[in-house]
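Structure first, then comments.
The values are calculated or read from the model by the stated rules, or taken from the named source; none is laboratory data. In this text, all values refer to a predicted model and were calculated from it rather than measured experimentally. Cβ: placed from backbone, ideal geometry, glycine included. Neighbour counts: every protein chain shown.
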Amino acid sequence: MALVHDCAGARASACAQFEYVAWPWALAFGGAMALLVQVPDIRSLVGISLIGALTPFVYGSVALVSMIAAGRVPSASHSIIQRGSSFGTAMNMCQVSASYGVFGIGLFQAIEDALKQRSLVPAELLTRPWLLRLAVRTSGVAAFTFVATLIPFFNQVAGLNGGLAVLPMCFIAPILMYQVYHADSLPLWRALLHWALVATFGCLACVATVGSVTLVIQNASSYHLFA
């Protein structure tokens, strides 16, 4: 699959016959994550996290430079924005890999600890921790990847997860925990700022959730497996 195709420059006519298929990207991402999650713990993901943090600046800069270089495109159709972009997908894969590693490794470590505590792990695996990681984490990534390629509205599911889980866990919960921990020494202005941020992220979570559910309902008739 080429990273660059003719669907560029807001020329919607060039995109008319272009069918964006998501499942090859899901398989590629799953293969990369099967390797990434084999690291012992999340402390080994410093480099990947840095890449994930820099990725938005990369494709943001590419978009800005492209607009400056190309200028205003006559009779441009903005319907292209609704289509998949190979470059955008590649950049999103780099960005999401950081969060996938952090949340995925935490989940897999919890599963591995539970298996050890219940004596469900063969003795051979206990003496070779990397084998246990390989078995649990590879099978887990394979299962998640299969679901991602199977569900025809996975993008909307991801948006729903962002609204229901990622925003509350990554943006709202840390602020509230800090607020509780420093309740006695927190200045009034900072407490008000925290509540303003909580309200803002809460609104974004609601909008993302409602938007994802709405898209699922609107597009339900066109869904098919392995889209």
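Here are the numbers for the structure shown:
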item: Tally, over segment 133-165, of residues that are modelled with pLDDT of 75 or more, surrounded by fewer than 17 Cβ atoms within 10 Å (Cβ to Cβ) and aliphatic (A, V, I, L, M); result: 8
item: Top-ranked residue in segment 182-226 [being of a type in the set (Gly, Ala, Ser) and at pLDDT below 85; ranked as farthest from the chain's Cα centre (by Cα)]; result: ALA183
item: Those residues of segment 122-168 which are of a type in the set (Val, Ile, Thr), closer than 15 Å to PRO24 by Cα and assigned to a loop (DSSP other than H, G, I, E, B), in sequence order; result: ILE151
item: Among the residues listed as PHE144, PHE171, the single one being among the aromatic types (Phe, Trp, Tyr) and over 28 Å from LEU35 (Cβ atoms); result: PHE171
item: Boolean, SER119 is outside any helix (DSSP H, G or I) and among the polar types (S, T, N, Q); result: yes
